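Everything on this sheet refers to the single structure shown next.
The values are calculated or read from the model by the stated rules, or taken from the named source; none is laboratory data. Predicted model, so just to flag it, every value in this text is computed and none were measured. Using ideal geometry, Cβ is built from the backbone for each residue, glycine included, and neighbour counts are taken over all protein chains shown. Accessible surface areas use protein heavy atoms only, side chains included; no ligands, DNA or RNA. Shrake-Rupley method; radii C 1.70, N 1.55, O 1.52, S 1.80 Å.
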Amino acid sequence: MNTQKREVRNPRLNRVFDDLVDTLRNFIRKHNLTYEEYHRAIAFLAEAGEKGEIPLLMDVFLEVTVDDVDHRGWAGTETTVEGPYYVPNAPEMASPAVVPHRANEPGEPLIFSGTIRSSDGVPLAGAILDFWQSDAEGRYSHFNIPEAEAPFNLRARVKADQNGRYELQTWVPAAYEIPKAGPTGALIKALGGHPWRPAHLHVRLTHPGHATLTTQVFLKDDPWIESDVVGAVKSSLIRGTTRTTDPAEIRRRGFSGPFHTLEYDFVLPRQMAKAA
Ligand code: MBD
Ligand code: FE
């Protein structure tokens, strides 16, 4: 037991951290942890730190619960986790936008569109949809694709029009596999689980006077839709795409092959002004 006399500066910190230590000590007793296991845990965390995987590790195993707890009573589109691959300050673009991409961007084009509204039903003109996704080979720019090779690839901050409509052209993402090379992937494998997240689009929506909505849209026919390693899928966030193969339609849109469309409308909770 710690018998120090403390000068408490932040009661919340003391309450939460003391309980964390208590919880972990009880956990050590409950499972009769050995020194070997204790040292192995330290080595694992050190490796996760060295390889930059602490955010990934935390988000894979714990973030869904923070999302749950911190959004109790939420009055907008269902939220889900942000994950470890958000990059701030993506290029700003007006709707309709074509997101930054490579000349030979793999996969089929996807037009993602919808309306952004307030919880009272009013369309939110000028709302910002901060968008990111992995590419058609399951790689995120700045993480799995070197930043210099394709800066902000498939990332953008798209501004909705006067009617709260947004439209962006991107490319259909693939399912995402937690990197096998690192300690997080090794742990998932050791547990006997699979390392896959179903294909998804990430969004973070903002508008003055409204709470920020962080969520994901999941692609319906993905084989991992019911077994996301992160456990972040909610049925209201699943949408199928419509695939168009009609040559006239393809030509009209300026594509060279089949393309997909997907519509999703978002609702941001109006925020009460805080009493002074
Ligand atoms: C991802 O792509 C992701 O979105 C989350 C939440 C965790 C790991 C990888
Ligand atoms: Fe993701």
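Observations
- Reachable lysines from K5, criterion Cα separation under 24 angstrom, eight or more residues apart if same chain: none
- Residues within the reach of a label modelled at E149 (point 7 angstrom out along Cα to beta-carbon, backbone nitrogen below 19 Å), restricted to the stretch 160-188, are 171-182.
- Whether the stretch 8-74 is rounded, prolate or oblate, judged on the alpha carbon gyration tensor where a/c under 1.5 counts as rounded: oblate
- Relative contact order [Cα under 8 Å, 6+ residues apart], the chain, whole percent: 22 percent
- Pairwise FRET efficiency - H194 versus R102, Cβ, R0 = 45 Å, nearest 0.05: 0.95
- From its DSSP helices (H runs of at least four residues, each -39,500 (n - 2.57)), the chain gives a residue-normalised ellipticity at 222 nm of -7500 deg cm²/dmol.
- Accessible solvent surface per residue of the chain, calculated while the other protein chains remain in place, 1.4 angstrom probe, Å²: 58 Å²
- Length available on full extension from K234 to L33: 0.36 nm per residue minus the Cα-Cα distance, which gives 68.8 nm.
- Carbon/sulfur fraction of accessible area - the chain, other protein chains in place, 1.4 Å, %: 54 percent
- In plain terms, the chain from N10 to A46 could stretch by 10.2 nm, reckoned as 0.36 nm per residue minus the Cα-Cα distance.
- When E82, E53 are compared by accessible surface with a 1.4 Å probe, the order from highest to lowest is E82, E53.
- Alpha-carbon centroid distance for the pair the stretch 147-170 / the stretch 32-102, whole angstrom: 21 Å
- Sequence-distant residues sharing a close amide H with V267 (under 5 Å, placed H): T77, R117
- Pair-distance profile P(r), taking every C-alpha pair of the stretch 78-149, with 5 angstrom steps and integer %: 3, 10, 21, 22, 22, 11, 6, 3, 1
- Sequence-distant aspartates and glutamates (8 or more away, or on other chains) whose Cα lies within less than 14 Å of K220: D228, E263
- Cα shape, the stretch 156-213, gyration tensor, a/c 1.5 rule: prolate
- Label-point separation, D70 to V122 (7 Å along Cα→Cβ), nm: 2.7 nm
- Across the alpha-carbon set of the chain, the Rg to Rh ratio works out to 1.03, Rh being the Kirkwood radius.
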